[in-house]
Amino acid sequence: MSKTAASEGALETRGIEPVPESERTAKTRELFPTWVAANISVLLLTMGASLVVAYKLNFWQAIAVAVAAPVVSYGLVGLIGISGKRGGAPGMALSRAVFGQRGNLLPGSLIWIARWGWETINAVTGAYAVLTILDILFGIQQNNVLVIVTLLLFVLSTFAISGLGINAVQKCSKYATYLFGAFSVLVLAYLVVNTDWSAVFHRPAGQTSLMVAGIGMIAAGGVSWIPTSPDFTRYLPRTASSKAIVGNSIGGAGIVVLPMVLMGAVMAVSTPDLAKAQDPVSFLGEILPMWIAVPYLLIALIGMLLINAMSMYSAGFTAQTLGFKVPRHWAVSINALISLVFGAILMLVATSFMGSFIAFLSLLAVAFSAWVGVFGADMFKRKHYDAAALVDTTRTSAYWYKGGFSPAAVAAWAIGLVTGLLFTSSDWFTGPLATGNFVGRYGLGWVVTIIVSGLLYLVLPKPADTTTPQADTEHTAEAAPGKPEPIAI
């Protein structure tokens, strides 16, 4: 934690300006519970069930998928997180050094909008958890008024945690990790005793191509965290171990993803409707006894609150980089309102939650991956970020480049994005190249996006970097904490 954040109480007032060296006292081990909390979602159970029901995989193939997915996605989360310790700023603020002060508005806007959908999905899942608990304990049936009330309570709670800042998010993550771990062991024990294991182990193996597709589906959720990973490493000192950043990111996510996906796969053998349920939560009340289902749902509810809090925490920074002249904790309120409106539409109008979720994940992963490819490629050579240039949004900034744009970065991002969409297939959108080929069959449009945008950026001529490592260590940011500057037009 930063000394400043601790001395000011629970509320973090620092915005997108780089954190001074004197305040960067966090530890890499704090990333472990952070990424545990980012994955405490019953949606992983539903995705695990999809591996069995929709992808026709057996238990051993599901294990391979559940191991590979977090290694791939959270390996990238950790690698991009290294930039946080180098620059001491949120991901979308560091992105100004790559795309230019104006150019950064393009991927920043798309990522901010994509966050609306992710926060909406989590808000809906949290509201369903509350509704299920009310049904199990008190027999209260779902109705439209109750849907809106539970959704509103969930969003307000999320706003409260994310608005307080990094201290609140990380403290809640720590305690949620302990609780979730304890009850997950309890659920696993119940499943071990009550599952028909002969039916589980005697399922025939599915196609290898569908294993790859399953890895892509589950990894897509992790990909959504990649642009925000520097937000949680910016308080680390510059000397922090890069290996520890990557290891804690993979370990924290993997210790949740593996058992959750496997539990979903096992549950689906006896309850195949789990993979396509409109309500992705209520099935727990049918499969598990009340003494396990209720506390487990409460812990999962806390986890989903934390996932949305982390997302909104980062979304506040993204809003500031787009020029919103409000403190970070007020920028968060914009996303909270949007997720409330969209969540109500999804719960009251949508006919297939899981179909909408998978379609959203496919498009979300492509939107984020275009940025990941360019930013990640830039990290190969960039070892420092100029703090003053990051917050200087006028033409005097060293990151102004050509008219506020880095042509190479913007071009690589745009071409990578379009190419990825061409190979992406979902219920909402199917690209013209999404069928009849390796990529489309495996659902790897987001992988193509990263490769194309990253390689293009590496080969295209880039503006000269006029900053020096010394400028980075000074941290001479002019902006007051939480007060973003307007982008010069």
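Apolar share of the accessible surface for region 180-278: 68 percent from carbon plus sulfur atoms, 1.4 Å probe.
Which entries of 381/402; 85/462; 56/243; 243/402; 27/462 have Cα-Cα distances beyond 27 Å here? Check vs 27 Å cut-off fails for 56/243; 243/402; 27/462. Be a star and scan region 244-268 for residues whose amide nitrogen sits under 16 Å from the point 7 Å along the Cα-to-Cβ vector of residue 202. From region 244-268, the list is empty. On the beta carbon distance between residue 160 and residue 270, with R0 = 30 Å, the FRET formula returns roughly 0.20. Here the label points at residue 113 and residue 292, each 7 Å from Cα along the C-beta direction, are separated by 4.4 nm in the simple model. Peptides 137-143, 310-316, 103-109 ranked from most to least packed give 310-316, 103-109, 137-143, packing being the mean of other C-beta atoms within 10 angstrom over each peptide's residues. Heavy-atom accessible surface of residue 286, to the nearest 10 Å², is about 140 Å², with a 1.4 Å probe and all protein chains retained. Using 0.36 nm per residue and subtracting the Cα-Cα separation, the extra length available between residue 241 and residue 56 on full extension is 62.5 nm.
Over region 1-143, accessible surface divided per residue gives 28 Å², non-protein components excluded, 1.4 Å probe. These residues, 180, 342, 59, go from largest to smallest accessible area, 1.4 Å probe, as 342, 59, 180.
Relative to the present Cα-Cα distance, how much length would full extension add between residue 194 and residue 430 at 0.36 nm per residue of separation? Gain in length upon complete extension: 80.8 nm. Let's test the formula: R0 of 60 Å, r as the Cβ-Cβ distance of residue 145 and residue 394. What FRET efficiency results, to the nearest 0.05? Once rounded, the FRET efficiency stands at 0.75. Taking the protein heavy atoms of region 17-117 in the context of the full set of protein chains, the accessible area attributed to carbon and sulfur is 72 percent at 1.4 Å.
Sort 219-232, 193-206 by packing, meaning the average of other beta carbons within 10 Å per residue, with the highest value first.
Going from most to least packed, we get 219-232, 193-206.
If the chain linking residue 182 and residue 209 were pulled fully straight, counting 0.36 nm for each residue of separation and taking away their Cα-Cα distance, it would gain 6.2 nm.
Heavy-atom accessible area, probed at 1.4 angstrom with all protein chains present, ranks 192, 67, 246, 187 as 192, 67, 246, 187, highest first.
The values are calculated or read from the model by the stated rules, or taken from the named source; none is laboratory data. Please read these numbers as outputs of a predicted model, since none were measured by experiment. Ideal geometry is used to build each Cβ from the backbone, glycine not excepted, and the neighbour counts take in all protein chains shown. Surface areas here come from the heavy atoms of the whole protein model, side chains and all, with no ligands, DNA or RNA. Shrake-Rupley method; radii C 1.70, N 1.55, O 1.52, S 1.80 Å.
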